[in-house]
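Nothing in this text is a laboratory measurement; each read-out follows from the coordinates by a stated rule. Owing to the predicted nature of the structure, the values given are computational and were not obtained by experimental measurement. A quick note on method: Cβ atoms are made from the backbone with ideal geometry, for glycine too, and the neighbour counts reach across all protein chains shown.
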C-alpha cells in the first residue's frame, strides 16, 4: 500500500451539485431559483427588517425621547456607606485611590457624595461632586470636603 493509492471509502464523498450547467445536467433553466422575481436575480440579498416593500415597523412607530450626550453620570455614594467603610477599614480619609482599590468605582467614573445616612466621626472626603446636605453633615462633625 502506497500513499498515492489511498482512496476514501465508497460512498464517503459526494460530488457537489453543479447548478446552471445546462438542461442536460438537470439543473439548467432556472437553476433551482424558481421563476423570475427579485430572488431569482444574481446579487440578491434581503435587507434587514425588509417587509416586502411595506413600510417597516421601525419606521411606522413614533420617535420618542432625547439622549443628552453631555450628561455627567455620577456614581452615588451615601454618608451611610462612608461611615460603614470607615468602621470596617478603620480609615478617616476617602480619596479616589481608596474607591478604586476597593473596586467601588472604575478608572473613569466620577463620584458624588450624597446625604443619606449619618456619620459619627470626622471624615476627609475627596470627590468630584458633593450634595449640600452631605457637605453640611461632614463639616458639622469636624470633617472636610474637597471637590476635585
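Extending 7 Å from the Cα toward the beta-carbon at both residue 19 and residue 3 defines two label points whose distance is 3.7 nm. Stokes-Einstein diffusion for the range 41-97, with the hydrodynamic radius set to the Kirkwood value over Cα pairs and evaluated at 37 °C in a medium of 0.692 mPa s, equals 184 µm²/s.
Could you compute the FRET efficiency for residue 129 and residue 90, with r as their C-beta to C-beta distance and R0 at 35 Å, rounded to 0.05? Walk me through the numbers before you get to the answer.
On the way: r = 26 Å, r/R0 = 0.75.
Once rounded, the FRET efficiency stands at 0.85.
So what's the gap between the Cα centers of the range 133-148 and the range 13-75, to the nearest angstrom? Taking the Cα centre of the range 13-75 as reference, the centre of the range 133-148 is 61 Å away.
Mean 1/r over all different Cα pairs, inverted: what Kirkwood radius does the chain give, in Å? Working shown, then result.
Values: mean 1/r = 0.0435 Å⁻¹.
In the chain this quantity evaluates to 23.0 Å.
Counting pairs of Cα atoms in the range 74-147, how many percent are more than 19 Å apart? Provide the component values of the computation, followed by the final result.
Values: 605 of 2701 pairs.
Considering the range 74-147, 22 percent of its Cα-Cα pairs are separated by more than 19 Å.
Using a 10 Å cut-off on Cβ atoms, rank the peptides 65-76, 17-28, 126-137 from the highest mean neighbour count down. It would help to have the intermediate numbers written out before the result.
Values: 65-76: 7.7, 17-28: 11.2, 126-137: 17.0.
With the highest mean Cβ count within 10 Å placed first, the list reads 126-137, 17-28, 65-76.
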